[in-house]
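Below is one structure, written out as structure tokens, with a few remarks after it.
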Amino acid sequence: MENYLVVKQLGSGPLGAVLLVEAATADRLRYALKRVECHDESSANKAFKESLRLTSIRHPFAAPYREIFVDWNADHSSVYVCFVMDHFPNGSLESITSRKLKDKKPLDEEIVRKWFGQTLEFLAYIHGRGLCHGDIRASNIFLRDDLSISVGDFCVATLMADHQTNTRTDKAIMDATAPEVQAGRPATYTQAADMWGLGCVLLNLMLCTEQSWQSLGQTLLRYKSSESDSAEDASAAAASRILQEALAPVESVYSPELRAAVLGLLAVRPTDRPTMAALLETPLARDCLNLAGSAMADRRRKQQVTTKDRPIPRDSGLEPLLEYVDRELNNENCFREALEELCTQLRSAGSLTAEQLCTLHQGLRSHLASEEVCTAYCCLLGNLAIRASPGGPLYLRESVDCVLLAMSQHPYCSGLLRSAAALLMAFAADRRCSQLVGESGGIDALLSAVAAAPDDADLFALAANALWSLCAYAPNARRCLERDGLLLVTRAMKAFGDSPEAQEHGAALLLAFSMSPSAVQRAGEHAVVELLLRALARHQRFTKVVRNAALALASYVEADEECGLTVLDCESVEAAGEGLAGLPVLAAAFHVHRDNVEVAEAVASLLRELCMYPELVKSVIDINQMIELVNTVRKRFLKTPAVAKPLDEALRSLETVRFVD
């Protein structure tokens with residue numbers, strides 16, 4: 001703070017105070033400085049490091065961060081992360097709406113569309129880089145002298161959400177917050193939440209003569225409550241009526257298209273809101289971008305006017321095809337078809353250089369709105385990953401960023417998400433790339449994909465396999481659990497109980513989670529043991545299901561005696577009617593795979609861990625049943641140390657209580 005002199009406090013929000021400061025230089029330039037108080041220096045330093053990338057964001061409609069630093073305030077014994085940005089003397093859109101509430105003169109639709117278009121272009125820009133604003137509202141959109149806007153305070157809420165900060169609750173802001181953020185659901189700071197915020201800004205501008213910001217918050221709170229409290233069909237209609245009634249006084253002022261945009265953006269369920277890609281394709285968005293003087297609109301006009309599709313050189317080899325891609329990079333149809341042809345030609349052989357991959361990344365960023373382009377891109381990289389060596393040009397940050405961008409732009413496209421999940425699993429083979437995936441939001445992207453597709457067993461299996469691979473890197477495992485990964489995985493395993501692939505990869509991921517004490521503590525709450533026993537019982541014929549489930553059970557039993565009790569005591573199992581008695585299920589599964597050493601090792605591991613609680617075994621079941629099963633497995637693999645040794649330990653443990661009354 002020694003480089004700045006505090007002039008006065010401009011305001012405060014949930015994350016902290018905003019100060020007007022003057023630079024301690026000859027020019028005495030004034031800036032706005034936002035201070036976010038952290039619990040300790042460690043949290044502040046971590047947040048600071050993650051925030052530094054925000055200083056590189058430059059956009060015509062952004063209020064850029066000039067500097068980010070950590071400040072220790074001895075007077076208050078507090079540590080802050082400080083964000084320095086431009087100061088806007090003309091105020092924000094909230095200043096405009098406050099004035100209009102007094103003079104009762106509505107804003108012209110043209111200026112509303114212009115501001116909407118400028119905000120939309122900025123959001124498309126940061127969404128295209130895998131970021132979320134996290135706090136879109138009128139008070140964070142500032143006015144320049146030419147009455148264009150600059151969006152400020154971007155990404156602070158999303159970045160600071162992962163760190164311990166002293167946040168404050170502002171009722172008006174919370175009332176207008178996206179429902180999923182207010183409810184604190186996993187991975188809630190998403191692009192869908194930004195779309196809700198955009199809808200709030202639009203509603204605020206349109207109703208500025210009718211309702212204050214506080215009153216509008218109350219309207220939105222009633223709207224959200226109406227949907228959550230009613231039956232599903234009735235709730236949507238009731239909620240819609242609340243917004244329609246709020247908009248009724250301005251029906252003669254604003255067009256049906258603008259009013260419809262508000263209703264769409266303010267859908268209570270995130271999945272019902274338009275994605276950025278879908279919104280940009282609407283006539284309203286195109287008109288607003290034109291009024292905004294948007295570079296996006298200009299690029300679209302140039303492509304429509306000057307680009308003609310040209311035939312793809314399909315039978316001329318790789319080099320002419322890559323030259324074609326480079327030449328037609330801005331033509332969506334040509335680029336997509338060229339990607340599909342490259343995918344075909346590279347399916348069985350071949351690779352691309354770093355420079356050629358860079359061209360593909362550039363094309364992907366230019367056509368993010370196209371679901372087909374994003375899907376073809378992920379399929380192509382997936383084919384390359386089959387033969388690529390870890391550490392090669394495919395395993396760099398740009399590849400990771402582009403795959404995650406495609407996922408974020410099309411969160412409900414199952415084909416794209418499946419290809420992306422398989423590709424992220426391939427990235428996990430490279431330790432550095434696995435770290436990049438976790439740091440760049442790949443864990444959140446995979447969990448969001450699972451949550452958004454509750455009926456897609458194949459997608460869950462691919463996502464769980466990718467998460468299992470990524471969780472070999474310990475910080476990724478922690479990140480996955482912090483994002484409610486255990487809850488999502490156990491829900492999916494219950495939903496997809498008939499899918500052996502879902503059970504195989506779900507069990508492997510539960511095994512990875514068992515390394516965390518917090519996951520073991522919550523195993524009972526999420527019926528982890530019951531789900532693994534069910535997988536064993538239903539899918540005894542599938543080697544990998546049996547192996548993964550037995551290994552996972554062994555790990556949970558080793559860590560917690562209660563898990564051992566649940567395995568042994570079938571009466572304590574919720575679904576005991578399915579025949580989930582632990583030892584009979586395990587014995588039946590081993591019998592099916594009695595010549596498979598991998599299954600034998602997993603079964604031996606589980607039996608050993610159960611027998612390390614000899615008093616428990618004796619009190620719950622006939623101890624002779626346990627000894628019989630241990631001996632059955634041991635005799636078949638007597639010359640295999642990985643099987644025989646743990647079973648010898650199991651027998652010695654049981655002997656300590658066998659003849660004790």
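The values are calculated or read from the model by the stated rules, or taken from the named source; none is laboratory data. Every value quoted in this text rests on a predicted model; they were computed, and no experiment measured them. All Cβ positions, even for glycine, are placed from backbone atoms using ideal geometry, and neighbour counts span all protein chains on display.
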Hey, could you check the stretch 470-513 for residues that are at pLDDT 95 or above and among the polar types (S, T, N, Q) and say which is surrounded by the fewest Cβ atoms within 10 Å (Cβ to Cβ)? Ser499
Of all helices (runs of 4 or more DSSP H) fully inside the stretch 252-333, the set with 2 or more residues that are surrounded by 13 or more Cβ atoms within 10 Å (Cβ to Cβ) and modelled with pLDDT under 85 is 295-306
Test for Leu5: is it aliphatic (A, V, I, L, M) and touching an Asp or Glu at 6+ places or on another chain (Cβ under 6 Å): yes
Any chance you could count how many residues in the stretch 23-54 are within 16 Å of His87 (Cα to Cα), modelled with pLDDT under 80 and under 27 Å from the mean Cα position of the chain (by Cα)? 0
Going through the stretch 108-152 one residue at a time, which ones are free of Cβ contacts under 8 Å to residues at least 60 places away in the same chain, under 25 Å from Ser252 (Cβ atoms) and among the aliphatic types (A, V, I, L, M)? Ile111, Leu147
Going by the conditions given, is Leu368 crowded, with 21+ Cβ neighbours inside 10 Å and not in a helix (DSSP H, G or I)? yes
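Matching residues to (1) at pLDDT 90 or above; (2) within 24 Å of Pro517 (Cα to Cα); (3) not β-branched (Val, Ile, Thr):
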residue	(1), (2), (3)
Cys563	yes, yes, yes
Ala581	no, no, yes
Ala587	yes, no, yes
His591	yes, no, yes
Arg594	yes, no, yes
Val597	yes, no, no
Ala600	yes, no, yes
Leu606	yes, yes, yes
Within the stretch 634-649, restricting to residues that are in a loop (DSSP other than H, G, I, E, B) and not aromatic (Phe, Trp, Tyr), the one that is nearest to Ala587 (Cα to Cα) is Leu638
Just to be sure before I move on: is Arg347 in a helix (DSSP H, G or I), basic (Lys, Arg) and out of contact with any Ser or Thr (no Cβ under 6 Å at 6 or more places or on another chain) in the structure I sent? no
Residues of the stretch 382-418 being out of contact with any Leu (no Cβ under 8 Å at 6 or more places or on another chain) and within 15 Å of Asp456 (Cα to Cα), in sequence order, are Tyr412, Cys413, Gly415, Leu416
Pairs where the first residue, in the stretch 387-412, is within 13 Å of Leu446 (Cβ to Cβ) and the second is in a loop (DSSP other than H, G, I, E, B) and β-branched (Val, Ile, Thr), C-beta under 7 Å, 6+ apart: Pro411/Thr275
Going through the stretch 433-491 in order, the residues found to be under 14 Å from the mean Cα position of the chain (by Cα), farther than 27 Å from Gly392 by Cβ and of a type in the set (Ser, Thr, Tyr) are Ser448
Can you tell me how many residues within the stretch 482-499 are in contact with a helix residue (DSSP H, G or I) (Cβ under 6 Å, 6 or more places away or on another chain) and more than 20 Å from Ala457 (Cα to Cα)? 1
Among the residues that make up the stretch 376-387, is at least one of them surrounded by fewer than 15 Cβ atoms within 10 Å (Cβ to Cβ) and under 21 Å from Asn465 (Cα atoms)? yes
Unique residue being assigned by TED's automatic domain parsing to the domain that holds Tyr125 and either of a type in the set (Lys, Arg) or over 30 Å from Leu205 (Cβ atoms) (or both) when the list is Arg35, Arg28, Arg99: Arg99
Ser348 passes all but one of the listed conditions (1) within 23 Å of Gln191 (Cβ to Cβ); (2) surrounded by fewer than 24 Cβ atoms within 10 Å (Cβ to Cβ); (3) polar (S, T, N, Q); the exception is number (1)
For the stretch 422-447, name all the residues that are closer than 16 Å to Leu509 by Cβ and part of a helix (DSSP H, G or I). Ala422, Leu424, Met425, Ser434, Val437, Gly438, Gly442, Ile443, Asp444, Ala445, Leu446, Leu447
Which numbered condition Tyr412 fails, given (1) at pLDDT 90 or above; (2) over 22 Å from Leu321 (Cβ atoms); (3) surrounded by fewer than 21 Cβ atoms within 10 Å (Cβ to Cβ): (1)
Which is farther than 23 Å from Ala463 by Cα and modelled with pLDDT of 90 or more, of Ala349, Ala338? Ala338
Of the residues in the stretch 462-481, those that are in contact with a helix residue (DSSP H, G or I) (Cβ under 8 Å, 6 or more places away or on another chain), in a helix (DSSP H, G or I) and over 18 Å from Ala549 (Cβ atoms) number 11
Any chance the stretch 106-124 includes a residue that's outside any helix (DSSP H, G or I) and under 32 Å from the mean Cα position of the chain (by Cα)? no
Those residues that are modelled with pLDDT of 75 or more, out of contact with any Ser or Thr (no Cβ under 9 Å at 6 or more places or on another chain) and assigned to a helix (DSSP H, G or I), I need them from the stretch 165-199; list them, please. Asp194, Gly199
Among the listed residues Glu609, Glu525, Glu501, Glu598, which satisfies the condition of being closer than 22 Å to Gly485 by Cβ and part of a helix (DSSP H, G or I)? Glu501
Being under 23 Å from Met425 (Cβ atoms) and of a type in the set (Asp, Glu) narrows Glu337, Glu355, Glu332, Glu371 down to just Glu371
Those residues that are modelled with pLDDT under 90, part of a helix (DSSP H, G or I) and farther than 14 Å from Cys343 by Cβ, I need them from the stretch 374-401; list them, please. Arg397, Glu398, Asp401
